[in-house]
Each structure stands twice: as structure tokens, then as C-alpha cells.
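Some notes on the structure that comes next.
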Amino acid sequence: MTALGASLVFATKTINKRLLDSMLGFAGGVMIAASFWSLLAPAIEMSEDNSIGNWFPAAFGFLLGGIFLWGIDKILPHLHPNTPISEAEGIYPKERKRSTLLVLAITLHNIPEGLAVGIAFGALANGGTEATLASALTLALGIGIQNFPEGVAVSMPLRGEGMSRRKSFFYGQFSGMVEPIAAVIGAFAVAFIEPLLPYALSFAAGAMIFVVIEEVIPSSQEKGNKDLASMSLMVGFVLMMILDVALG
């Protein structure tokens, strides 16, 4: 899906800003809904026998996931789309090319998405009744849908700066390569360490919510299309909720 979004660079050099903002808002809604319905809710259900309370693993893992992404965000050099290179973040960002910084930004935000899918499928190995195959597939579908605008968000700015279509597409789809790697790591971690499952699910949820708040929502509203982006977010949330409840 990331590659499919990036492939739009072969058809046009620019994309309608209202359309891109609505797509980003939709992606944010999908991620928020997936964080709760596919990750936090199962984590709470799995923690009924926790000595502290069934809320503890979800709360602890959620905050830990946000802190983890915040730390990576401060270390890894990256640049958000439509941002001047002077505002690049991370350690020694000025020593990197703009194209590299843009790709690293999306790559950073794809890590929790890959973890979430991997953890959901890894939970199946533990035979958990709450973590069904349908729920894991729904989560993968939702993450795939919201990957489409991420591919666009990388390839289009690069093409607009004069990079060739082929290179713009390559960098756009390459930003999603980290997801299957993170998914494999997450799946193996929870498949062999069952007590970590509620914490792992909520960790992935916290990391995704951090991405939505720190990047997806601001990016969808910075061009003035706040109402459109907000309504698109709600549509994305509802769609993901329906998929998860109906199929999971």
C-alpha cells in the first residue's frame, strides 16, 4: 500500500492539497481506532488476573510506547514533509540530505505500525481467545489502508523538488520497508514470552497514538483544511471500528 501511494508520482508531479489532507486525516482515524479496538481493549481483557489491576499493563505499556517513540524522535535525524530543512529534528540533522531526512521521518513512524501487526499475529501463537485471526487481519488491513497516504507524503514532495519519478517512487516505497521487519520482531517477542503480550499490545498502541498526535494530525491541518481533515479522521475511525467489531 505504501508503494501504491508512492506510485502516484508517475501520474502527476503534485497532488491536490485537500485530497492529501483528507487522506492523512483518514489515516489518523484508522490508527486511533486500531490502537484501542485492536490493541488496548484486548490488552485489558488479557489482564483480568493481574495483581495490581487489569488496567495496569495497558496503562504502563501505553505510556512506555509513547516514551519510546519520543526518544527515537529526538535521536533519529528526520524532516517532516513541507518543512524547511532548518527545522529538521534529531541528532546532527543538518549533515543529511533532505530526501534522506524525509524518508527517515516516515520510516520512524512506520515502526509502531509494523510492531502492532506483528504483535497481533504473534498473539495467535499463544492461543489467546481475545486475539483472533479476524482481529489481526483487520488490524493489518487498517494499517495497510493508512499506508497509502504515507507513500504519497514522501514521493510527492521529493518529486516537487525536482527528483526523478523513479527515485521519488523508490524512496516513497522504501519508507515502508521497516514495517515487515518490525512486524517479525514483534511477532517473535510475544510468541515466546506470553506474559509480555498485554504490555506489548499496549506498547504498540502508545507508539501509534504518539505518531498520530505528533505528526499525522498536524500535517493534515497545516494547509488550512482543518474541518476536512477532522471529518476524514472521524470517518477513518468509524470505518476501522466497524471492521474490527464486525470481523473481530
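Residues checked against (1) of a type in the set (S, T, N, Q); (2) within 16 Å of Ile119 (Cα to Cα); (3) over 14 Å from the mean Cα position of the chain (by Cα):
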residue: Val178; (1), (2), (3): no, yes, no
residue: Ala187; (1), (2), (3): no, yes, yes
residue: Glu194; (1), (2), (3): no, yes, yes
residue: Ala200; (1), (2), (3): no, yes, yes
residue: Val211; (1), (2), (3): no, no, no
residue: Glu215; (1), (2), (3): no, no, no
residue: Gly224; (1), (2), (3): no, no, yes
residue: Ser230; (1), (2), (3): yes, no, yes
residue: Met241; (1), (2), (3): no, no, yes
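Take the conditions modelled with pLDDT under 75 and either on the phi < 0 side of the Ramachandran plot or open to solvent by less than 30 Å² (accessible area, probe 1.4 Å) (or both) and apply them to Thr83. Does it pass?
So Thr83 passes the test.
Tell me, which residue of segment 122-147 that is part of a helix (DSSP H, G or I) and within 14 Å of Leu196 (Cα to Cα) is modelled with the lowest pLDDT?
Step by step, filter segment 122-147, then rank; the result is Asn126.
With segment 173-248 as the region, which helices (runs of 4 or more DSSP H) entirely inside it contain at least 2 residues that are without any contact (Cβ under 8 Å) to a residue 24 or more places away in the chain?
The helices (runs of 4 or more DSSP H) meeting that bar are 226-247.
Tell me yes or no: at least one residue of segment 151-163 is under 20 Å from the mean Cα position of the chain (by Cα) and open to solvent by 30 Å² or more (accessible area, probe 1.4 Å).
The answer is no, given that none of the residues of segment 151-163 is under 20 Å from the mean Cα position of the chain (by Cα) and open to solvent by 30 Å² or more (accessible area, probe 1.4 Å).
Restricting to segment 1-23, name every residue that is among the hydrophobic types (A, V, I, L, M, F, W, C), touching a residue at least 24 places away in the same chain (Cβ under 8 Å) and part of a helix (DSSP H, G or I).
Answer for segment 1-23, where residues must be among the hydrophobic types (A, V, I, L, M, F, W, C), touching a residue at least 24 places away in the same chain (Cβ under 8 Å) and part of a helix (DSSP H, G or I): Ala3, Leu4, Ala6, Leu8, Val9, Phe10, Leu20, Met23.
What number of residues within segment 24-53 are outside any helix (DSSP H, G or I), under 20 Å from Ala204 (Cα atoms) and of a type in the set (Ser, Thr, Tyr)?
1
The values are calculated or read from the model by the stated rules, or taken from the named source; none is laboratory data. Keep in mind the model is a prediction, meaning the values are calculated, not measured. Because the Cβ atoms are built from the backbone with ideal geometry, glycine has one as well, and the counts that use them run over all protein chains shown. Heavy atoms of the whole protein, side chains included, go into the accessibility calculation; ligands, DNA and RNA do not. Shrake-Rupley method; radii C 1.70, N 1.55, O 1.52, S 1.80 Å.
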